[in-house]
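Working notes, beginning with the structure itself.
The values are calculated or read from the model by the stated rules, or taken from the named source; none is laboratory data. Given the structure is predicted, the values throughout are model-derived calculations rather than measurements. Note that each Cβ is placed from the backbone with ideal geometry, even for glycine, and that neighbours are counted across all protein chains shown.
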Amino acid sequence: MKILEQLAKLSSILSGVLLTFITLMTCYSLIGRNTTGDTIVGDFELTGVATGAAIALFMPLCQLKKANIIVDFFTARASESAILQLDRLGALFTAVAFALLAWRTTLGGMNAWTSQSGSMMLGFPEWIVYATMVPPLALSCLIAFIQALMGDRFETSEGVAA
């Protein structure tokens, strides 16, 4: 379990670095555009590409911490064991959803590779974005599947995954 936690944290750090890059690039481009008239060509494309990858990179830690939105209106008065079983079922459905996302993203990346498609202004290869999204989606799937199997016995270094 420790390796999954380490990989989820690394994925999150990479996402933070990517978002920091996006922020700095956007600031540079906006300041240049409004002061000297210089801008970064394709900054909008790069922002979209990096944001898509960053969202996927945050997913493993989000799943590890069980930080997804939970609506407990109907289970507020349910027993602890019933809630645990529903949480495990939800983790299983989440694992299936992440598996489908990883599979379809893989196929999309292979299609982008075959067709050599790229962004409009820069020609940035689209397959790179897909390639950065598949590993964190697969990791999220694995984490959710283990949470479905182990329930509250799935522990991180900070204790039981909340």
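Taking the residues in segment 17-43 that are touching a residue at least 24 places away in the same chain (Cβ under 8 Å) and assigned to a helix (DSSP H, G or I) as candidates, determine which candidate is farthest from G123 (Cα to Cα).
L19
For segment 123-131, check the following and say yes or no: at least one residue is outside any helix (DSSP H, G or I), touching a Leu at 6+ places or on another chain (Cβ under 9 Å) and at pLDDT below 95.
yes
Restricting to segment 105-137, name every residue that is under 14 Å from E45 (Cβ atoms), buried (at least 17 other Cβ atoms within 10 Å of the Cβ) and of a type in the set (V, I, T).
Listed by number, the list holds a single entry, V129.
Give the residue, chosen from A50, A91, A54, that is within 12 Å of P136 (Cα to Cα), in a helix (DSSP H, G or I) and in contact with a Leu (Cβ under 9 Å, 6 or more places away or on another chain).
A54
From the list A56, A99, pick out the single residue that is over 26 Å from V17 (Cβ atoms), crowded, with 16+ Cβ neighbours inside 10 Å, in contact with a helix residue (DSSP H, G or I) (Cβ under 9 Å, 6 or more places away or on another chain) and not β-branched (V, I, T).
When all the criteria are applied, what remains is A99.
What tally of residues in segment 61-107 results from selecting those that are over 25 Å from S12 (Cα atoms) and of a type in the set (D, E)?
2
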